[in-house]
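Reading through the structure tokens given below for one structure.
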Amino acid sequence: MEPESGVPNRRNPSQLCWVNLSRTLILAYQSLGVVYGDLSTSPLYVYTSTFVDKLETHRSEDAIFGAFSLIFWTLTLLPLLKYIFIVLNADDNGEGGTFALYSLLCRHAKFSLLPNQQAADEELSAYKYGPSASVAAPSPLKRFLEKHKKLRTALLLVVLFGACMVIGDGVLTPAISVLSAVSGLKVTENKLTDDELLLIACVILVGLFALQHFGTHRVAFMFAPIVIIWLISIFIIGVYNTIRWNPRIIQAISPYYIIKFFSETGKDGWISLGGILLSITGTEAMFADLGHFTALSIRLAFACVIYPCLVVQYMGQAAFLSKHLDSFQYSFYDSIPDRVFWPVFVIATLAAIVGSQAVITATFSIVKQCHALGCFPRVKVVHTSKHIYGQIYIPEINWILMILTLAITIGFRDTTLIGNAYGLTCMTVMFITTFLMALVIMFIWQKSVVVAAVFLLFFWIIEGVYLSAAFMKVPQGGWVPIVLSCVFMIVMFVWHYGTRKKYNYDLHNKVSLKWLLGLGPSLGIVRVPGIGLIYSELATGVPAIFSHFVTNLPAFHQVLVFVCVKSVPVPYVSPEERFLIGRVCPRPYRMYRCIVRYGYKDIQRDDGDFENQLIQSIAEFIQMEAVEPQFSSSETSSLDGRMAVISTRTVQSTASLVVSEVEEFDLSIQSSKSSTLQSLRSAYESENPQVRRRQVRFQLPPNPGMDPAVRAELVDLIQAKDAGVAYIMGHSYVKARRSSSFLKKLVIDIGYSFLRKNCRGPSVALNIPHISLIEVGMIYYV
């Protein structure tokens with residue numbers, strides 16, 4: 001008889017198909033609120049920005065038909081053809097955006113400038129995502145780029161410039177969206193003055209940024225319905241205006257009207273493209289927010305909902321304008337029938353806020369990724385959702401964005417001027433994405449140079465025309481994103497330069513392991529019970545600051561662990577692959593190395609379990625070293641032994657250690673009899689009750705067959721853990737050498753020093769408990 005378990009298996013394919021379909025539809029529904037908020041609110045200001053200034057003398061039916069034809073083909077060629085059909089295929093483990101493209105390129109071609117990379121990083125499961133690079137021989141162009149460091153630096157600068165433009169987008173989107181939405185109050189019977197409108201817009205903007213710390217997930221359930229109601233509204237109004245005012249507008253889909261438009265308007269028509277390109281602002285979000293959804297769900301939402309709704313709305317607005325040539329200043333609100341004006345106005349304002357919210361969240365994500373690349377100062381990253389990974393809040397960036405947004409809103413007061421800046425920002429990001437995609441087509445998809453060149457030239461010609469028109473608007477507001485990007489680029493460059501110089505100093509001044517071996521297992525000092533975690537950016541070797549500890553401190557911990565927390569060019573590192581454990585010096589020294597790896601989208605959470613995971617990982621390594629000859633033999637052949645990936649998802653009993661959890665209120669300084677330290681401990685625990693929740697105890701399992709040397713080492717490890725853990729860091733001061741040039745002194749002594757003093761300290765960024773921290777000062781002359 002067939003077992004019962006076999007019955008559901010026959011229905012699995014159809015069930016699986018239905019589950020996948022329903023999941024895709026749900027994701028497509030959610031993407032409307034997160035991904036498309038910005039793109040869907042473009043009809044508020046496109047025609048207004050297009051037909052001001054130069055085109056004021058060309059306001060005719062043919063010009064309006066030509067403008068709609070341009071909008072239609074721009075929407076078709078860039079968002080639909082380029083992004084939906086091509087770019088969305090270039091994901092990095094499901095992640096999108098310029099950083100994802102750069103990460104892919106760094107793994108398949110040696111373009112990475114991250115300093116502490118190792119061969120072991122290439123064994124990560126996420127690292128191997130995409131086609132195998134061994135299928136085809138490396139191209140001459142690839143070898144040329146890999147050989148020249150200046151070209152790799154230029155590539156990183158291009159990516160960072162794109163990131164700076166996205167940050168600029170986070171400033172401009174709220175300003176133009178909210179200001180355009182509230183401008184509808186000027187077409188009502190009780191017309192408000194410009195100052196009153198400005199005050200309302202500023203209040204909404206302050207409220208928007210003030211609510212960021214609650215996290216997107218708190219109001220996410222509202223986002224999609226708002227955008228759907230907005231899209232349905234503009235679709236119905238578009239159909240109504242097309243039928244009511246000028247059904248002939250459908251003919252303008254023909255490219256013939258584009259030719260006619262330029263033949264009539266000439267240079268003025270070309271400059272007006274700076275307004276037309278606003279119809280595709282927010283397109284980059286389709287790719288950048290790919291990690292929260294799937295490519296299929298984003299394609300489905302755009303092709304079935306966004307694209308038809310936007311095309312019909314632009315068509316209806318053009319039909320209305322063709323019969324009302326004096327309504328360009330507030331074209332969207334003038335085209336709304338009077339009976340539904342107020343409901344549409346409210347929905348438009350809400351949709352503008354939703355679109356702004358998505359861009360602000362994307363800005364937080366970009367800053368986090370820049371920091372992972374070593375190109376942005378340390379900032380506080382708050383994870384705002386327990387369920388949706390990747391939703392973060394950065395307080396410092398939030399308030400900087402708010403101040404800049406208010407400054408632009410109050411300074412310009414005009415959506416046309418802000419639109420000029422906004423268009424330049426969006427088109428620059430698209431231009432950079434096209435360039436990176438061409439490299440992906442060659443080096444990762446392994447297509448011919450001809451295919452990549454056709455892709456690059458086709459889209460660069462289109463985007464180049466728009467970009468050139470946007471650059472013509474630099475005096476009229478277009479200078480804003482350039483200035484903002486330059487400021488952020490200077491901050492990123494100074495931080496990256498200073499960090500690399502400090503790392504290179506560490507690299508060239510490592511402590512000689514032969515010197516350590518000469519000191520003997522005691523290192524020439526007293527080894528006291530406890531574990532010392534020595535933090536360094538070096539993935540190999542012993543940092544120079546360790547010699548300061550040995551020569552200046554009379555005693556040191558019985559067990560020493562050199563900890564390196566580093567980023568790797570993948571979006572996420574699974575917990576099973578996060579820890580790399582190795583040995584420094586022979587077994588009697590009780591010195592180990594732990595490398596903790598994070599992806600560029602990983603968030604370092606303070607879950608309070610790091611110490612326990614580390615001890616368990618070292619114990620696993622000691623056991624592994626005893627049974628696997630390649631690790632034990634490395635001790636004699638190499639002073640700095642091989643590293644092993646140790647899986648530690650959760651702290652649990654294993655073959656190496658028995659784990660037990662006990663209620664413990666004596667976590668710090670527990671062996672001290674000093675009344676001062678005891679009072680300090682009780683004060684700390686009263687302020688930090690969460691620290692007192694539990695303590696994990698390790699015990700050796702009864703195993704008569706265990707090697708005595710392994711048992712002795714494990715016993716030492718457990719006793720050291722029970723005695724307490726200290727976190728040891730270097731409090732570094734970086735200064736330029738006296739012989740350095742004036743520019744280098746300016747960058748290091750003023751720029752880099754200012755950023756280090758005003759950003760979060762490394763101990764805070766690494767979630768190190770302050771009461772267990774030991775810092776030793778050291779000056780770096782770079």
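For Ala736, state whether it is surrounded by 15 or more Cβ atoms within 10 Å (Cβ to Cβ) and in contact with a Ser or Thr (Cβ under 6 Å, 6 or more places away or on another chain).
No.
So, of the residues in region 741-782 that are farther than 25 Å from Pro395 by Cβ and free of Cβ contacts under 8 Å to residues at least 12 places away in the same chain, which turns out to be most open to solvent (accessible area, probe 1.4 Å)?
Phe742
Kindly check whether there is at least one residue in region 430-439 that is without any contact (Cβ under 8 Å) to a residue 12 or more places away in the chain, within 25 Å of His292 (Cα to Cα) and either buried (at least 18 other Cβ atoms within 10 Å of the Cβ) or not β-branched (Val, Ile, Thr) (or both).
no
Restricting to region 327-369, give me the number of residues that are closer than 20 Å to Glu61 by Cβ and either open to solvent by less than 30 Å² (accessible area, probe 1.4 Å) or without any contact (Cβ under 8 Å) to a residue 12 or more places away in the chain (or both).
Within region 327-369, residues that are closer than 20 Å to Glu61 by Cβ and either open to solvent by less than 30 Å² (accessible area, probe 1.4 Å) or without any contact (Cβ under 8 Å) to a residue 12 or more places away in the chain (or both) number 5.
Could you say which residue among Ala90, Ala120, Ala154 is surrounded by 14 or more Cβ atoms within 10 Å (Cβ to Cβ) and under 23 Å from the mean Cα position of the chain (by Cα)?
That would be Ala90, the only listed residue that is surrounded by 14 or more Cβ atoms within 10 Å (Cβ to Cβ) and under 23 Å from the mean Cα position of the chain (by Cα).
Just to be sure I understand, how many residues within region 704-730 are closer than 23 Å to Ile534 by Cα, of a type in the set (D, E, K, R) and open to solvent by 30 Å² or more (accessible area, probe 1.4 Å)?
2
From the list Ile271, Ile232, Ile228, which one is modelled with pLDDT of 95 or more and out of contact with any Pro (no Cβ under 6 Å at 6 or more places or on another chain)?
Ile232 is the lone residue from the list that is modelled with pLDDT of 95 or more and out of contact with any Pro (no Cβ under 6 Å at 6 or more places or on another chain).
In region 463-509, which residue that is small (Gly, Ala, Ser) and open to solvent by less than 20 Å² (accessible area, probe 1.4 Å) is farthest from Tyr781 (Cα to Cα)?
Per the stated criteria, the residue is Ala469.
Does region 289-312 include one or more residues that are in contact with a strand residue (DSSP E or B) (Cβ under 9 Å, 6 or more places away or on another chain) and buried (at least 18 other Cβ atoms within 10 Å of the Cβ)?
Yes, because at least one residue in region 289-312 is in contact with a strand residue (DSSP E or B) (Cβ under 9 Å, 6 or more places away or on another chain) and buried (at least 18 other Cβ atoms within 10 Å of the Cβ).
With the structure loaded, tell me whether Gln690 is closer than 30 Å to Asn767 by Cβ, at pLDDT 85 or above, open to solvent by 50 Å² or more (accessible area, probe 1.4 Å) and not in a strand (DSSP E or B) or whether it fails that test.
Spelling it out, it is not the case that Gln690 is closer than 30 Å to Asn767 by Cβ, at pLDDT 85 or above, open to solvent by 50 Å² or more (accessible area, probe 1.4 Å) and not in a strand (DSSP E or B).
List, please: which pairs have Cβ atoms under 7 Å, are six or more places apart or on different chains, and start with a residue in region 112-127 that is without any contact (Cβ under 8 Å) to a residue 40 or more places away in the chain and end with one that is open to solvent by less than 60 Å² (accessible area, probe 1.4 Å) and not in a helix (DSSP H, G or I)?
none
For a quick check of your reading: which helices (runs of 4 or more DSSP H) sit entirely within region 1-70 and have at least 3 residues that are at pLDDT 85 or above and open to solvent by 50 Å² or more (accessible area, probe 1.4 Å)?
Counting at least 3 such residues, we get 6-34.
Here are some conditions: (1) modelled with pLDDT under 90; (2) more than 20 Å from Leu714 (Cβ to Cβ). His557 meets all but one. Which one does it not meet?
Against the list (1) modelled with pLDDT under 90; (2) more than 20 Å from Leu714 (Cβ to Cβ), His557 comes up short only on (2).
Based on this model, can you work out whether Ile271 counts as open to solvent by less than 10 Å² (accessible area, probe 1.4 Å), among the β-branched types (Val, Ile, Thr) and either closer than 30 Å to Ser468 by Cα or more than 39 Å from the chain's Cα centre (by Cα) (or both)?
It is false that Ile271 is open to solvent by less than 10 Å² (accessible area, probe 1.4 Å), among the β-branched types (Val, Ile, Thr) and either closer than 30 Å to Ser468 by Cα or more than 39 Å from the chain's Cα centre (by Cα) (or both).
What residue, among those in region 510-544 that are in contact (Cβ under 8 Å) with a residue 60 or more places away in the chain and in a helix (DSSP H, G or I), is most open to solvent (accessible area, probe 1.4 Å)?
Once the filter is applied, the top-ranked residue is Lys514.
Could you grab me the full set of residues in region 93-117 that are assigned to a loop (DSSP other than H, G, I, E, B), open to solvent by 10 Å² or more (accessible area, probe 1.4 Å) and under 25 Å from Leu507 (Cβ atoms)?
Lys110, Ser112, Leu113, Leu114, Pro115, Asn116, Gln117
Anything in region 159-195 that is open to solvent by 50 Å² or more (accessible area, probe 1.4 Å) and at pLDDT 90 or above? List them, or say none.
Of everything in region 159-195, just one residue is open to solvent by 50 Å² or more (accessible area, probe 1.4 Å) and at pLDDT 90 or above, namely Phe161.
Enumerate the helices (runs of 4 or more DSSP H) found wholly within region 720-782, keeping only those where 1 or more residues are at pLDDT 90 or above.
It comes to 742-745, 753-758.
Quickly run through region 589-636 and pick out the residues that are out of contact with any helix residue (DSSP H, G or I) (no Cβ under 9 Å at 6 or more places or on another chain) and modelled with pLDDT of 85 or more.
Across region 589-636, the qualifying residues are Arg593, Leu614, Gln616, Ser617, Glu620.
The values are calculated or read from the model by the stated rules, or taken from the named source; none is laboratory data. Predicted, not measured: the structure shown is a model, and the values here were computed from it. We place every Cβ from the backbone using ideal geometry, glycine too, and count neighbours over all the protein chains shown. For the accessible areas, the whole protein counts, side chains as well, though only heavy atoms, and no ligand, DNA or RNA atoms are used. Shrake-Rupley method; radii C 1.70, N 1.55, O 1.52, S 1.80 Å.
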